[in-house]
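> Take this structure, written in structure tokens, and hold onto it; I'll ask about it next.
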Amino acid sequence: MPIEIERKFRVTGTAWRTADGQRICQGYLNRDQHRTVRVRVAGAQAFLTIKGVTTGATRAEFEYAIPLADAEALLALCDGPLIDKVRHRVEHGGLLWEIDEFLGDNAGLVVAEVELASEGQAITLPPWVTEEVTTDSRYFNSSLATHPFNRWGPSKDR
């Protein structure tokens, strides 16, 4: 079974911004505590992704390329608002970091993710990451679709 091991961090400043990013639009066909089913359009590519329950930084993940026209039709069927973001990719410490700069109702939120070979894998944190939010469900994209960052209130630690 394919798995994803991913740690997530808040980002500060703009030192990570080394190149233009890629615009991503994604929505959720299913979003419950046991699984999420996501459709994503990234440039001219599109994907359907099924993710299982997250335990620590690990979860089952099945991702399949789909025709762009199918993805655009599926986005119209999604449950709740769509996520709009720009993804930047930066190498640091021998790993590829994906920095998501959120737009729309999530504007102001910037999160970095790094995929690992194991949960215990040592990593060197870039100077532009702050607190780890791997297990904070508010930062899950599926949560941001229905509980966007700009509605978190004064405790959101901007």
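Since every read-out is calculated from the coordinates, none of them should be taken as a lab result. Being a predicted model, the structure only gives us computed values, none of them experimental. Note: ideal-geometry Cβ built from the backbone for every residue, glycine included; neighbour counts use all protein chains shown.
> Please compute the contact order of the range 10-158 in relative form: average sequence separation of alpha-carbon pairs under 8 Å and at least six residues apart, divided by the residue count, as a percent.
Averaging sequence separation for qualifying contacts and normalising by length gives 24 percent for the range 10-158.
> Would you mind listing how long the range 7-142 runs along its three principal axes, going by Cα atoms, in whole Å with the largest first?
For the range 7-142, the Cα extents along the three principal axes come out at 40, 32, 25 Å.
> Of the options 68, 28, 116, report the single residue whose Cα projects farthest towards the positive end of the charge dipole of the chain (beta-carbon charges: Lys, Arg +1; Asp, Glu -1).
Value: 28.
> Next up: Restricting to Cα pairs below 8 Å that are 6+ residues apart, what does the relative contact order work out to for the range 11-63? Please round to a whole percent.
It comes to 23 percent, rounded to a whole number.
> Given axes a ≥ b ≥ c from the Cα gyration tensor, I'd like to know whether the range 18-76 is rounded (a/c under 1.5), prolate (a/b larger than b/c) or oblate.
Taking the square roots of the gyration eigenvalues as a ≥ b ≥ c, the range 18-76 is oblate.
> Using R₀ = 25 Å, calculate the FRET efficiency as 1/(1 + (r/R₀)^6) where r is the Cβ-Cβ separation of residue 47 and residue 125; round to 0.05.
0.35
> Mind checking the dipole of the chain: about its Cα centre, +1 per Lys or Arg Cβ, -1 per Asp or Glu Cβ, Debye to the nearest 20?
300 debye
> With a point put 7 Å past each Cα toward its Cβ, work out how far residue 118 is from residue 73 in nm, to one decimal.
My value for the distance between the label points is 4.5 nm.
> From the backbone phi of the range 136-141, what are the Karplus-calculated ³J(HN,Hα) couplings (6.51 cos²θ - 1.76 cosθ + 1.60, θ = phi - 60°) in whole Hz, Gly and Pro given as x?
8, 5, 4, 8, 5, 4
> Computed over the Cα atoms of the range 53-107, what is the ratio Rg over Rh, Rh following Kirkwood?
When Rh is taken as the Kirkwood radius, the ratio is 1.03.
> Return the distance in nm (one decimal) between the two label points of a simple spin-label model at residue 60 and residue 18, each offset 7 Å from Cα along Cα→Cβ.
Distance between the two pseudo-spin positions: 3.6 nm.
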